[in-house]
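Engineer: Pasting in a structure now, in structure tokens, and then I'll have a few things to ask.
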Amino acid sequence: MPVFKIHHITKYAYEQPVSESINEVKIFPYQCKEQEVLQHDLIISHQPDIHYFNDYWGNKTGTFTLIDPHTQLIIESKLIVRTTQTTQLSVNFHSGLDQLQNDVDYDLTLLELMKPDDIEKQEELQTIIDTIYNATKSVAQIVEQSSEYIYKYFKYTKGITTIETTVDEILEDKRGVCQDFAHVLLQLLRSMGIPSRYVSGYICPNKNGMRGEGATHAWVEAWIPSYGWAGIDPTNNVWTTNNHIKLAVGRNFRDCSPVKGTFKGPSRQDLFVFVSVGYEDGQIFEETTQVQMEKLEKTPEQKEADYLNATFAAQQQQQ
């Protein structure tokens with residue numbers, strides 16, 4: 001049962017003072033039997049009061065507000081966590097689609113998580129489904145082969161997508177990062193009637209060749225009858241291992257963003273994310289990433305206000 005020390009710093013820097021910064025964080029380890037939190041400290045600059053609650057999906061969430069003008073915001077998470085599952089999941093490969101339908105009939109959450117999004121390239125996605133889907137296959141086989149398809153035919157490339165990149169764009173370009181591959185896999189599985197959910201977290205491979213170490217990682221959990229939620233990582237084409245640490249789950253990335261918020265002020269902002277993973281053998285992995293920010297359109301009211309020039313929303317893309 002490996003133990004990991006994870007240091008995660010999110011830093012917002014503003015060119016000019018901003019105020020009324022309202023923020024939400026989901027950087028708390030998900031409560032499940034596969035991991036055990038030994039220690040977790042959350043430190044936020046300006047020491048705001050934090051309101052904690054569990055969201056719709058069961059994720060521990062913190063919200064806070066900074067009213068006074070400020071030129072930077074630093075959110076620091078220091079986590080020591082032990083993973084308790086085996087090196088790889090032992091998934092039930094015998095349960096089929098008929099059994100899955102029985103599960104869905106009695107669970108509204110599963111029903112909600114099996115509905116695909118409306119996308120323009122659904123016909124193109126259907127051609128992929130035609131190479132994978134077979135009613136005689138087990139649910140786990142279909143999930144595994146869907147992940148394998150993405151791993152083989154989509155290229156892992158950093159820096160070409162943002163949090164706003166759509167499934168249609170990923171299907172067009174066949175390139176992206178873990179967040180993009182998770183969204184494509186979700187659309188694939190849901191289009192075949194398999195409930196699935198987005199997962200944010202960390203991957204801690206300690207130089208074993210797995211991709212996604214550094215910034216927060218993303219993968220998918222699919223519902224396997226007679227087993228439950230089973231994690232599969234299309235970026236690395238593996239069922240989740242004891243190197244995967246889960247933070248949040250939801251329908252898509254927006255339900256799981258580690259940090260997001262808005263503020264008032266006529267200022268451009270920069271976002272830097274630092275992640276350090278310490279292993280039991282003494283090895284340490286560190287990476288700092290400058291995240292591309294997306295500016296939201298101003299409303300007419302914002303354009304007219306002489307004290308409020310813009311409103312921004314910031315989220316961290318998962319690599």
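Engineer: Within segment 43-76, restricting attention to residues that are of a type outside the set (Lys, Arg) and over 30 Å from Pro266 (Cβ atoms), which residue is surrounded by the most Cβ atoms within 10 Å (Cβ to Cβ)?
Structural biologist: For segment 43-76, the residue satisfying everything is Asn59.
Engineer: Here is a follow-up. State whether one or more residues within segment 154-168 are in contact with an Asp or Glu (Cβ under 9 Å, 6 or more places away or on another chain), of a type in the set (Phe, Trp, Tyr) and either free of Cβ contacts under 8 Å to residues at least 12 places away in the same chain or farther than 29 Å from Asn102 by Cβ (or both).
Structural biologist: Scanning segment 154-168, I find at least one residue that is in contact with an Asp or Glu (Cβ under 9 Å, 6 or more places away or on another chain), of a type in the set (Phe, Trp, Tyr) and either free of Cβ contacts under 8 Å to residues at least 12 places away in the same chain or farther than 29 Å from Asn102 by Cβ (or both), so the answer is yes.
Engineer: Continuing with this model, one more query. Among the acidic types (Asp, Glu), modelled with pLDDT of 95 or more, over 27 Å from Thr241 (Cα atoms) and surrounded by fewer than 15 Cβ atoms within 10 Å (Cβ to Cβ), is that true of Asp118?
Structural biologist: yes
Engineer: Another question, if that's okay. Among the listed residues Leu113, Leu97, identify the single one that is under 15 Å from His183 (Cα atoms), surrounded by 13 or more Cβ atoms within 10 Å (Cβ to Cβ) and out of contact with any helix residue (DSSP H, G or I) (no Cβ under 6 Å at 6 or more places or on another chain).
Structural biologist: Just a single option satisfies the conditions, and that option is Leu113.
Engineer: Looking at Gln31, Gln39, Gln16 in this structure, which one is over 18 Å from Pro258 (Cβ atoms), at pLDDT below 95 and either touching a helix residue (DSSP H, G or I) at 6+ places or on another chain (Cβ under 8 Å) or not acidic (Asp, Glu) (or both)?
Structural biologist: Gln16
Engineer: Select from segment 221-240 the residues that are surrounded by 20 or more Cβ atoms within 10 Å (Cβ to Cβ), assigned to a loop (DSSP other than H, G, I, E, B) and touching a Phe, Trp or Tyr at 6+ places or on another chain (Cβ under 8 Å) and list them in ascending order.
Structural biologist: The answer is Pro234, Thr235, Asn236, Thr240.
Engineer: How about segment 241-319: which strands (runs of 3 or more DSSP E) wholly inside it have at least 3 residues that are modelled with pLDDT under 90?
Structural biologist: In segment 241-319, 284-291, 311-315 are the strands (runs of 3 or more DSSP E) which contain 3 or more residues that are modelled with pLDDT under 90.
Engineer: Please work out if Val91 is touching a Phe, Trp or Tyr at 6+ places or on another chain (Cβ under 9 Å) and closer than 23 Å to Glu34 by Cβ.
Structural biologist: It is true that Val91 is touching a Phe, Trp or Tyr at 6+ places or on another chain (Cβ under 9 Å) and closer than 23 Å to Glu34 by Cβ.
Engineer: Being touching a strand residue (DSSP E or B) at 6+ places or on another chain (Cβ under 9 Å) and polar (S, T, N, Q) is the requirement here; does Ser147 meet it?
Structural biologist: Taking the combined requirement at face value, the residue satisfies it.
Engineer: So which of Gly193, Gly261, Gly265, Gly212 is outside the structural domain of Ser21 (by TED's automatic domain parsing), touching a residue at least 12 places away in the same chain (Cβ under 8 Å) and buried (at least 19 other Cβ atoms within 10 Å of the Cβ)?
Structural biologist: Every option except Gly212 fails the conditions.
Engineer: If I ask for residues that are of a type outside the set (Phe, Trp, Tyr), in contact (Cβ under 8 Å) with a residue 24 or more places away in the chain and not in a helix (DSSP H, G or I), which ones from segment 109-151 would you list?
Structural biologist: The answer is Leu113, Met114, Lys115, Pro116, Asp117, Ile119, Glu120, Lys121, Ala135, Thr136, Lys137, Ser138.
The values are calculated or read from the model by the stated rules, or taken from the named source; none is laboratory data. Just so it is clear, the model here is predicted, and its values are computed rather than measured. As a convention, Cβ positions derive from the backbone with ideal geometry for all residues, glycine included, and neighbour counts pool all protein chains shown.
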